[in-house]
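Below is one structure, written out as structure tokens; the observations come after it.
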Amino acid sequence: MGLQLLGLSEVSGSLIAIDNAQDIANEEVVEILVDGKNKRFGRVVKIEGEKAMIQVFEGTSGLSKNNTKTRFLGHPMEIALSKEILGRTFNGAGRPIDGLGEVYAHHKANINGKPLNPIARKYPRNYINTGISAIDGLNTLIRGQKLPIFSGSGLPHDKLAVQIVSQAQIAEDEGKNFGIVFGAMGVKNDVAAYFRRSFEETGVMEKVCMFINLSNDPIIERTLAPRCALTAAEYLAYELDMHILVILTDMTSYCEALREFSSSNGEIPGRKGYPGYLYSDLASLYERAGIVEGKNGSITQIPILTMPNDDITHPVPDLTGYITEGQIVLDRSLYQNGIYPPIGCLMSLSRLMKDGIGEGYTRSDHSDIANQLFASYAKVMEARSLASVIGEDELSDLDKSYIAFGLTFEKIFVGQGFKAQRSMQETLNLGWALLSTLPLSALDRLDPELIKANYSPSTAQRIIDLAISEGK
Amino acid sequence: MENKIYSINGPVITIKGETDLMMMEMVYVGNDRLLGEVIGIERNETIIQVYETTTGLKINEPVIGSKSPLSCVLGPGLMSNTYDGIQRPLKAIADRYGAFIDAGSDILPLDINKVWDVEVSVKVDDRLEGGQIYAQCQETALIKHKLMLAPDLCGIVIDVKPSGLYKINDVIIKLKDDNGKIHDIDLTQKWPIRHARPIKDRKTLNMPLATGQRVIDTLFAIAKGGAAAVPGGFGAGKTMTQHQIAKWCDADIIVYVGCGERGNEMTQALEEFSELIDPKSQRPLLERTILIANTSNMPVAAREASIYTGVTMAEYYRDMGYHVALMADSTSRWAEALREISGRLEEMPAEEGFPAYLPSRLSQFYERAGYVDTLNDQQGSVTIIGAVSPQGGDFSEPVTQNTKRFVRCFWALDKSLAYARHFPAINWTSSYSEYIDDLARWYNENVARDFTSLRAEMVKILHEESALNEIVKLIGADILPDDQKLTMEIARCVRVGFLQQNAFHPDDTYVPYEKQYKMMKIIDYLYKEAKTLINKKIPTRLIAETGIFDRIIKIKYDVSNDHLELLDEYFHEIDQALAKVE
């Protein structure tokens, strides 16, 4: 039992100051009793002599200089963990909100975690079969990777996340060892409800652990929610040997909460008012994905962020891209053309893909197909911009065939639809079929041997038609 | 007098009242003995930056000075090791404490129990000057470690042990300095990381660092002892470029500093360097590599120290007469660490919140590159290649702009090239190297007399192409006259056939100078010969139909590095193809 102090000396934003605090530790958690009944929590962020600055998780409204009793709990912010957290729902600070009572703590862990020793990491190599061609074929998701979805308001990122979860879980089918940790920061009520409903429909609810901070919940809890979620994920992955998929949405709201807190704290702002430590802060979240040598579990992260004004150079997507191992970018113009999932393939990238595909993982010709598809699709863009100036009729025959290729690529290969689940074989075969619609001379990235074995314009249409029919 | 913590704010703590601590002194903070450094002394307050997480730290815990600035321990055992930014050995920490790093782990940087076969080369009554070699031992199969007297020491040997097996802390020499003080010399020395190690003389740079990457070696070469910056947005291939250079360049030793970057990348580097075999010695590359891994989630203050730790180690091996290449990935993260700490100190910010001393810190770092005469009269070099991660891929931000002033080689990575999967995505219009003139003589003597003129010709073709591209964008390529169409075709050969290089192809990942030169020569020959046909009113289309351009583009795959004589046949092939058209 720690010391209890009466009253406080300053209130500013979400921070309070307490005098005469003795023997307190940096980052220690405090319990604040307001008016003798309403309990709030906070943590020490700065100590100066006997004055402690405390960040209050639930906000400071209703606090006065003399209506509080503050108790220092003597440990940093922790959450209770046990196997029973699966199927439960918590708030951003890790307290249950599903009415099922407290978690019987098998184990308690500091939510800030500890940096993972790079020596102890195992380089991720096994891919996750998401059944989505644009991801599996061109931006393969690797178990232990952190691959964010860069989206914009109004784009179907939530739907895509749900599709990845439900299809990956079917394909994973080691069944029992697959789990999902869902961290929602500042999401709208109906978004949270949509995820919950979708998890129930796909029958994974008992494997999901949810940390929900709604957009009208306190911002400090928003900054804690992803940390709680990742701490839970680390427990499930490294103590219980599970393969955990962590979905964090929406990272932009998280960063805005951080900015709000930082500016109320009087800190010197960096770009667009975000604090100078935004990179380090985001890294402390994203870097918690991975595989540890000697453990059976893994943590794969899919953070979702909405780019304000679809601007990929905005600090949040920009810094995220520097930390994560690639990105899946959703493209508004594809979506407006009725293509789902609207994955902009040229801007998307999976950095770990090169080591997790090919012989022994997917198929030996995978990287060649992917390279050629990328290169050809880049040519499509050139042809289109030329067509927009001189008109499509004036294009050379080669450019015309690129335009046609581009349409099928987007409509069939990328736009497979919400229900379609393609195996890796189907995706790669479809890739060959698409390439076969191009003239032979256009395939400049492929080995002649490979072309001889797979280039077959006569069967291409049949495979494409098949893919169309499955999409429906 | 005991110093006690008065305030804690993130990684910055202060001590109230008078202290005997020096500026930049290394200190141990709190009961867990966290490593820190004094960064400010005011009338009533001493400010300390802590290199580890301060969670759980309390006020009134003690702060103990070490009486010396933040230093690196240098001696046998550094090679093949992996350290964090403040030289804690990560492998030993993982073995003892498990996968996650605790604060204050007190493991020594070098293995004190390992026995080295030391060959002593001095005798009693020899006079030793600072930096002089007194012994050597085989550190790894690739590296002979020369034990040098600390640069700030000199004197007469009064006692010396015979050659034999010693541990790093065994005293093998007793040295009496000019003041009569006796020093025990073992296999190690300490050096403050923020100070450049002394040298005898700086030499002019006139030898390239051969990297086997065509766009670098031929177009934008870097000299041994030079400094280069690799700026690029995310996904443009900074890390890939750095890895390729680390793997293939002809330096004797690589120091790879992962400064605030991804953990998995360090794991990958470690894995690749242990698997890859050095072609010259048939030993794993790791035996000539030191890794400094301060990933983005490790404490930010240690990130700030990491590049100094790296460059100090690089200088130490340079002093033995080695050519060392230092990769720093990424200096922007280091600059952000500066900014973060500066913000905590409430210093007045300059551009974008970065402190006003950013340029001077950057220049101090890059100026530690150089080709030198060492104190023991050998020649060695440190080449620095720093990645820069500009926010939003915008090169006008302060770190890129200031870096540009202190490096003479600039490899600008271009996102649009990366999107089109053109790797290495080094943009040929915005990149430059100021070393080309200095290196011209080396090229003349070691590659070919017309190497630099061919290079100039290639640059010209690429330049013309980018001007023509502006027109093509407006009216399409069909409208161009035939000589310009030819320029476009040749430029395509240069871009796709020469500049584009496949890091995953066994032959193309590394290309020797001879092949680079011949490839240029072939392209140039094709250009000249085709031009004479164009002058005879033969359209470019007919030349293209012979497929000769595509043949030239595929040279990089068709001619393996072991059969460079095959290259000579291409001249003949060009003659035949063009004769057909004519």
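The values are calculated or read from the model by the stated rules, or taken from the named source; none is laboratory data. Computed from a prediction, not measured in an experiment: that's the story for all the values here. Here the Cβ positions follow ideal geometry from the backbone for every residue, glycine too, while neighbour counts run over all protein chains shown. Keep in mind that these areas ignore ligands, DNA and RNA; they rest on the heavy atoms of the full protein, side chains included. Shrake-Rupley method; radii C 1.70, N 1.55, O 1.52, S 1.80 Å.
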Practice item. Output the number of residues of region B:397-420 satisfying the condition of being away from chain A (no Cβ under 13 Å) and free of Cβ contacts under 8 Å to residues at least 12 places away in the same chain. Key: 1
Review point. Does A:Arg125 qualify as being within 14 Å of chain B (Cβ to nearest Cβ), open to solvent by less than 10 Å² (accessible area, probe 1.4 Å) and not small (Gly, Ala, Ser)?
Key: no
Study note, to complete from the structure: Taking region B:88-104 and the residues there that are among the basic types (Lys, Arg) and under 26 Å from the mean Cα position of the chain (by Cα), the one that is farthest from the other protein chains (Cβ to nearest Cβ) would be B:Arg88
Check your understanding: In region A:266-315, what residues are surrounded by fewer than 21 Cβ atoms within 10 Å (Cβ to Cβ) and on the phi > 0 side of the Ramachandran plot?
Key -> A:Gly266, A:Lys272, A:Gly273, A:Gly294, A:Asn309, A:Asp310
Exercise for review: Select from region B:367-389 the residues that are buried (at least 24 other Cβ atoms within 10 Å of the Cβ) and closer than 19 Å to B:Phe220 by Cβ and write down the one among them that is farthest from the other protein chains (Cβ to nearest Cβ).
Suggested key: B:Ser381
Review point. Considering B:Thr309, B:Thr239, which residue is of a type in the set (Val, Ile, Thr) and either assigned to a loop (DSSP other than H, G, I, E, B) or facing another protein chain (nearest Cβ under 10 Å) (or both)?
Key: B:Thr239
Revision key, fill the gap. All conditions in (1) in contact with a Lys or Arg (Cβ under 8 Å, 6 or more places away or on another chain); (2) away from chain B (no Cβ under 14 Å) are true of A:Ile111 except (2)
Check your understanding: Consider B:Ala356 against the criteria (1) touching a strand residue (DSSP E or B) at 6+ places or on another chain (Cβ under 7 Å); (2) within 14 Å of chain A (Cβ to nearest Cβ); (3) aliphatic (A, V, I, L, M): it satisfies all of them except one. Which criterion is unmet?
Key -> (1)
**Study point:** Which listed residue is out of contact with any Ser or Thr (no Cβ under 6 Å at 6 or more places or on another chain) and either open to solvent by less than 30 Å² (accessible area, probe 1.4 Å) or more than 14 Å from every other protein chain (Cβ to nearest Cβ) (or both), from B:Val115, B:Val120, B:Val73
**Key:** B:Val115
Check your understanding: Which of (1) within 12 Å of chain A (Cβ to nearest Cβ); (2) in a strand (DSSP E or B) does B:Thr55 not meet, given it meets every other one?
Key -> (2)
Review point. When the residues of region A:2-48 are filtered to those that are more than 22 Å from B:Leu57 (Cβ to Cβ) and touching a residue at least 60 places away in the same chain (Cβ under 8 Å), which remaining residue is nearest to the chain's Cα centre (by Cα)?
Key: A:Ser14
Check your understanding: Within region A:446-468, how many residues turn out to be under 19 Å from A:Lys411 (Cα atoms) and either β-branched (Val, Ile, Thr) or not assigned by TED's automatic domain parsing to the domain that holds A:Gln416 (or both)?
Key -> 4
Check your understanding: In region A:261-272, how many residues are within 16 Å of A:Thr223 (Cβ to Cβ) and without any contact (Cβ under 8 Å) to a residue 60 or more places away in the chain?
Key -> 3
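Which one is nearest to B:Asp252 (Cα to Cα), of the residues in region B:285-303 that are touching a helix residue (DSSP H, G or I) at 6+ places or on another chain (Cβ under 8 Å) and open to solvent by 10 Å² or more (accessible area, probe 1.4 Å)? Spell out how you get there, then give the answer.
Filtering region B:285-303 for residues touching a helix residue (DSSP H, G or I) at 6+ places or on another chain (Cβ under 8 Å) gives B:285-286, B:289-297, B:300-301, B:303.
Keeping just the survivors that are open to solvent by 10 Å² or more (accessible area, probe 1.4 Å) gives B:286, B:297, B:300.
Numbers: B:Leu286: 12, B:Asn297: 31, B:Val300: 31 Å.
Among those that are touching a helix residue (DSSP H, G or I) at 6+ places or on another chain (Cβ under 8 Å) and open to solvent by 10 Å² or more (accessible area, probe 1.4 Å), it is B:Leu286.
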Exercise for review: Name the single residue, out of those in region A:259-278 being over 16 Å from A:His314 (Cβ atoms) and assigned to a helix (DSSP H, G or I), that is nearest to the other protein chains (Cβ to nearest Cβ).
Suggested key: A:Ser262
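Please tell me if B:Ser330 is among the small types (Gly, Ala, Ser) and more than 16 Å from the chain's Cα centre (by Cα).
Details: among the small types (Gly, Ala, Ser): yes; more than 16 Å from the chain's Cα centre (by Cα): no.
Answer is no for this residue.
Go through the residues of region A:81-91 one by one and say whether even a single one is closer than 20 Å to A:Ile212 by Cβ, part of a loop (DSSP other than H, G, I, E, B) and of a type in the set (Lys, Arg). Outline the logic, then answer.
Our first condition is that a residue be closer than 20 Å to A:Ile212 by Cβ; within region A:81-91, this holds for A:81-82, A:84-91.
Checking which are part of a loop (DSSP other than H, G, I, E, B) leaves us with A:82, A:86-88.
Restricting the remaining residues to those that are of a type in the set (Lys, Arg) gives A:88.
Yes.
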Practice item. Could you list, in sequence order, all residues of region B:441-492 that are within 12 Å of chain A (Cβ to nearest Cβ) and closer than 30 Å to B:Pro208 by Cα? Key: B:Arg492
Review point. Which numbered condition trips up B:Asp394, out of (1) in contact (Cβ under 8 Å) with a residue 24 or more places away in the chain; (2) surrounded by fewer than 20 Cβ atoms within 10 Å (Cβ to Cβ); (3) touching a Gly at 6+ places or on another chain (Cβ under 9 Å)?
Key: (1)
Review point. If we scan region B:59-69, do we find a residue that is within 10 Å of chain A (Cβ to nearest Cβ), part of a loop (DSSP other than H, G, I, E, B), open to solvent by 70 Å² or more (accessible area, probe 1.4 Å) and not aliphatic (A, V, I, L, M)?
Key: yes
Study note, to complete from the structure: All-but-one check, B:Ser274 against (1) surrounded by fewer than 24 Cβ atoms within 10 Å (Cβ to Cβ); (2) modelled with pLDDT of 90 or more; (3) touching a Leu at 6+ places or on another chain (Cβ under 8 Å), failing number (2)
Exercise for review: Return the residue satisfying two criteria in turn: it lies in region A:31-50 and is closer than 24 Å to A:Leu258 by Cβ and within 14 Å of chain B (Cβ to nearest Cβ), and of such residues it is surrounded by the fewest Cβ atoms within 10 Å (Cβ to Cβ).
Suggested key: A:Glu48
Check your understanding: Is it the case that some residue within region B:408-426 is open to solvent by 10 Å² or more (accessible area, probe 1.4 Å) and over 26 Å from B:Ile490 (Cα atoms)?
Key -> yes
Review point. Can you find a residue in region B:259-274 that is within 11 Å of another protein chain (Cβ to nearest Cβ), in a helix (DSSP H, G or I), touching an Asp or Glu at 6+ places or on another chain (Cβ under 6 Å) and of a type outside the set (Phe, Trp, Tyr)?
Key: yes
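Any residue at all in region A:127-140 that is under 13 Å from the mean Cα position of the chain (by Cα), modelled with pLDDT of 90 or more and under 22 Å from A:Ile304 (Cα atoms)? Write out each step before concluding.
Let us first name the residues in region A:127-140 that are under 13 Å from the mean Cα position of the chain (by Cα), namely none.
No, region A:127-140 contains no residue that is under 13 Å from the mean Cα position of the chain (by Cα), modelled with pLDDT of 90 or more and under 22 Å from A:Ile304 (Cα atoms).
Quickly run through region B:13-29 and pick out the residues that are at the interface with chain A (Cβ under 10 Å from one of its Cβ atoms) and either in a loop (DSSP other than H, G, I, E, B) or of a type in the set (Val, Ile, Thr) (or both).
B:Ile13, B:Thr14
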Point to revise | Failed criterion for B:Tyr525 (all others in (1) in a loop (DSSP other than H, G, I, E, B); (2) more than 22 Å from A:Ser441 (Cα to Cα); (3) open to solvent by 40 Å² or more (accessible area, probe 1.4 Å) hold) | key: (1)
Review point. With (1) small (Gly, Ala, Ser); (2) at negative phi; (3) within 13 Å of chain B (Cβ to nearest Cβ) as the list, and A:Gly74 as the residue in question, which single condition is left unmet?
Key: (2)
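Among the listed residues A:Arg259, A:Arg222, identify the single one that is closer than 19 Å to A:Ser61 by Cβ and in contact with a helix residue (DSSP H, G or I) (Cβ under 9 Å, 6 or more places away or on another chain). Give the derivation first.
Details: A:Arg259 fails: closer than 19 Å to A:Ser61 by Cβ.
The match here is A:Arg222.
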